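Asker: What follows is a structure written as structure tokens; I'll ask about it next.
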Amino acid sequence: MTPVTLRQMRAFLAIVRLGSFTAAARQLHLTQPALTVQLRQLEQTLGVRLLDRTTRTATPTRTGAEFARALAPLLAEMDAVLERVQDHAALRTGRIDLATLPSLASTVLPEVIARLRAASPGLRVRMREAVTGPVGEMVRAGLVDFGIGGSVAEDGELVVQHLFDDPLLLIFPRGHGFAARRAVALPELCDVPLLLPEANSGIRHAVDQAFAALGRAVEPAQEAVSTGTLVGMVRAGLGLGVLPSTAVEMQVSPDLRALPIGDPPLTRPIALVRRAGRSLSPAAEAFLAMLRECLALRADLRSLAGPCHPVRGGDP
């Protein structure tokens, strides 16, 4: 059986609605003979006459009228679906679900969302905050479109694409002896009380690996989930904290200072995590393009900043 085409069904409904081949052909931007061929092919495929024709009018048969009543809402729904898909493609509508580290959710990503909303007001972004491990698990479970996290292991279910390296900074009171320095060498931190995030974070993983390369194991003086807690511990004199640069606000809290660790600086990798074999939506692709633009701008600004900065606390 020859398949019925969408073009044939649209042609039939236009003739029924307008009552003539001439008017329908004009609306569909077809010649009248081409429209006649489409209607004839539809009737041949279905094996039934759908229209009674005169030289000036076309009237649906009983079968044709029943077919038109059933077909009209189906094509209307299909048109609505196609319009929604086109709206998604054109970024007029869409929703982005992502999982990310709190330090990125509170610093880098709000700027990305604001710029994206200005460019495409119909897009909506829903962020879920988590440390690195849960970011990967949320992506794996399909709870989010993609994740932005630390050192997530790539496997058959996850694809990991590097975005940027986030420098780790040593946080200490303004009057500390390190304040006059431009950087702190990692071996200098072997015997000082360090305040670190918990072991399942990307920051802690980077710090542990760096100390292991020196043949040393990290024994933090205190551990915390949020950088706000770490900053409070630094202020209380419990030790020196390690925070990512994305969690450090340069213009606030002049009582604390921040320095790069090592030369080249110690960093944690930040990566895009998505499910293997799954394409990202146009909205998600637009979000990532805007993210890369913002990261490039931040990198340019960071290159102009001095090495020793005031900081405030936030979440890792």
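The values are calculated or read from the model by the stated rules, or taken from the named source; none is laboratory data. These figures come from a predicted structure and were not determined experimentally. With ideal geometry, Cβ positions are generated from the backbone for all residues, glycine too; neighbour counts draw on all protein chains shown.
For (1) of a type in the set (Ser, Thr, Tyr); (2) closer than 30 Å to Val139 by Cβ; (3) outside the structural domain of Pro134 (by TED's automatic domain parsing), each residue gets a yes or a no:
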site	(1), (2), (3)
Val48	no, no, yes
Glu66	no, no, yes
Arg69	no, no, yes
Pro73	no, no, yes
Ala80	no, no, yes
Arg84	no, yes, yes
Ser103	yes, yes, no
Val108	no, yes, no
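Asker: Test each condition in (1) in contact (Cβ under 8 Å) with a residue 12 or more places away in the chain; (2) more than 30 Å from Leu143 (Cβ to Cβ) for Ala34 and report the one that comes out false.
Answerer: For Ala34, the failing item is (1).
Asker: Somewhere in the range 211-229, is a residue modelled with pLDDT under 90, within 21 Å of Pro254 (Cβ to Cβ) and either among the β-branched types (Val, Ile, Thr) or not assigned by TED's automatic domain parsing to the domain that holds Glu285 (or both)?
Answerer: yes
Asker: Same structure, new question: How many residues does the range 230-239 hold that are modelled with pLDDT of 90 or more and surrounded by 16 or more Cβ atoms within 10 Å (Cβ to Cβ)?
Answerer: 3
Asker: Going through the range 141-167 one residue at a time, which ones are not in a loop (DSSP other than H, G, I, E, B) and not aromatic (Phe, Trp, Tyr)? Working first, answer last.
Answerer: Going residue by residue through the range 141-167, those that are not in a loop (DSSP other than H, G, I, E, B) are 146-149, 158-167.
Those that are not in a loop (DSSP other than H, G, I, E, B) and not aromatic (Phe, Trp, Tyr): Gly147, Ile148, Gly149, Leu158, Val159, Val160, Gln161, His162, Leu163, Asp165, Asp166, Pro167.
Asker: Here are some conditions: (1) of a type outside the set (Gly, Ala, Ser); (2) within 21 Å of Val160 (Cβ to Cβ); (3) at pLDDT below 60. Leu280 meets all but one. Which one does it not meet?
Answerer: Exception for Leu280: condition (3).
Asker: Then there's this: On the basis of being surrounded by fewer than 16 Cβ atoms within 10 Å (Cβ to Cβ) and either on the phi > 0 side of the Ramachandran plot or not polar (S, T, N, Q) (or both), does Ala206 make the cut?
Answerer: Criteria not met by Ala206.
Asker: Does Ala286 fit the bill of being at pLDDT 85 or above, in a helix (DSSP H, G or I) and closer than 30 Å to Asp145 by Cβ? First the steps, then the outcome.
Answerer: On the way: at pLDDT 85 or above: yes; in a helix (DSSP H, G or I): yes; closer than 30 Å to Asp145 by Cβ: yes.
Spelling it out, Ala286 is indeed at pLDDT 85 or above, in a helix (DSSP H, G or I) and closer than 30 Å to Asp145 by Cβ.
Asker: Looking only at the range 125-169, count how many residues are more than 22 Å from Thr267 (Cβ to Cβ) and in contact with a Ser or Thr (Cβ under 8 Å, 6 or more places away or on another chain). Spell out how you get there, then give the answer.
Answerer: Within the range 125-169, the subset more than 22 Å from Thr267 (Cβ to Cβ) is 125-128, 137-145, 155-157.
Okay, now just the ones that are also in contact with a Ser or Thr (Cβ under 8 Å, 6 or more places away or on another chain), so 127-128, 145.
Of the residues in the range 125-169, 3 are more than 22 Å from Thr267 (Cβ to Cβ) and in contact with a Ser or Thr (Cβ under 8 Å, 6 or more places away or on another chain).
Asker: If you don't mind, another one. Would you be able to say whether some residue in the range 129-137 is part of a strand (DSSP E or B), touching a strand residue (DSSP E or B) at 6+ places or on another chain (Cβ under 9 Å) and not basic (Lys, Arg)? Break it down stepwise before answering.
Answerer: Looking only at the range 129-137, we keep the residues that are part of a strand (DSSP E or B), and these are 129.
If we keep only those that are touching a strand residue (DSSP E or B) at 6+ places or on another chain (Cβ under 9 Å) as well, we get 129.
Add one more test, that the residue is not basic (Lys, Arg), and what stays is 129.
Looking through the range 129-137, at least one residue is part of a strand (DSSP E or B), touching a strand residue (DSSP E or B) at 6+ places or on another chain (Cβ under 9 Å) and not basic (Lys, Arg).
Asker: Look through the range 88-109, keep the residues that are surrounded by 14 or more Cβ atoms within 10 Å (Cβ to Cβ) and assigned to a helix (DSSP H, G or I), and return whichever of them is modelled with the highest pLDDT.
Answerer: Step one: filter the range 88-109 for residues surrounded by 14 or more Cβ atoms within 10 Å (Cβ to Cβ), giving 88, 91-109.
Filter once more, keeping what is assigned to a helix (DSSP H, G or I): 88, 102-105, 108-109.
Numbers: His88: 78, Pro102: 85, Ser103: 83, Leu104: 88, Ala105: 88, Val108: 86, Leu109: 92.
This residue is Leu109.
Asker: Looking only at the range 34-65, which residues are in contact with a strand residue (DSSP E or B) (Cβ under 6 Å, 6 or more places away or on another chain) and in a helix (DSSP H, G or I)?
Answerer: If the condition is that a residue be in contact with a strand residue (DSSP E or B) (Cβ under 6 Å, 6 or more places away or on another chain) and in a helix (DSSP H, G or I), then Gly64 is the only one that fits.
Asker: How many residues are on the phi < 0 side of the Ramachandran plot and in contact with a strand residue (DSSP E or B) (Cβ under 6 Å, 6 or more places away or on another chain) when one looks only at the range 69-100?
Answerer: So the first thing to find is which residues in the range 69-100 are on the phi < 0 side of the Ramachandran plot, and the list is 69-90, 92-93, 95-100.
Applying the additional criterion that residues be in contact with a strand residue (DSSP E or B) (Cβ under 6 Å, 6 or more places away or on another chain) yields 88, 95-100.
Within the range 69-100, residues that are on the phi < 0 side of the Ramachandran plot and in contact with a strand residue (DSSP E or B) (Cβ under 6 Å, 6 or more places away or on another chain) number 7.
Asker: Next up: Of the residues Val242, Val248, which is β-branched (Val, Ile, Thr), surrounded by 15 or more Cβ atoms within 10 Å (Cβ to Cβ) and modelled with pLDDT of 90 or more?
Answerer: Working: Val248 fails: modelled with pLDDT of 90 or more.
Unique residue meeting the criteria: Val242.
Asker: Next up: Check whether at least one residue in the range 1-11 is assigned by TED's automatic domain parsing to the domain that holds Leu75 and over 50 Å from the mean Cα position of the chain (by Cα), and report yes or no.
Answerer: No, the range 1-11 contains no residue that is assigned by TED's automatic domain parsing to the domain that holds Leu75 and over 50 Å from the mean Cα position of the chain (by Cα).
Asker: Could I ask something else about it? Test of understanding: among Leu170, Leu116, which residue is modelled with pLDDT under 95, part of a helix (DSSP H, G or I), assigned by TED's automatic domain parsing to the domain that holds Ala271 and surrounded by 15 or more Cβ atoms within 10 Å (Cβ to Cβ)? Before you say what the answer is, go through the steps one by one.
Answerer: Numbers: Leu170 fails: part of a helix (DSSP H, G or I).
Going through Leu170, Leu116 in turn, the sole match is Leu116.
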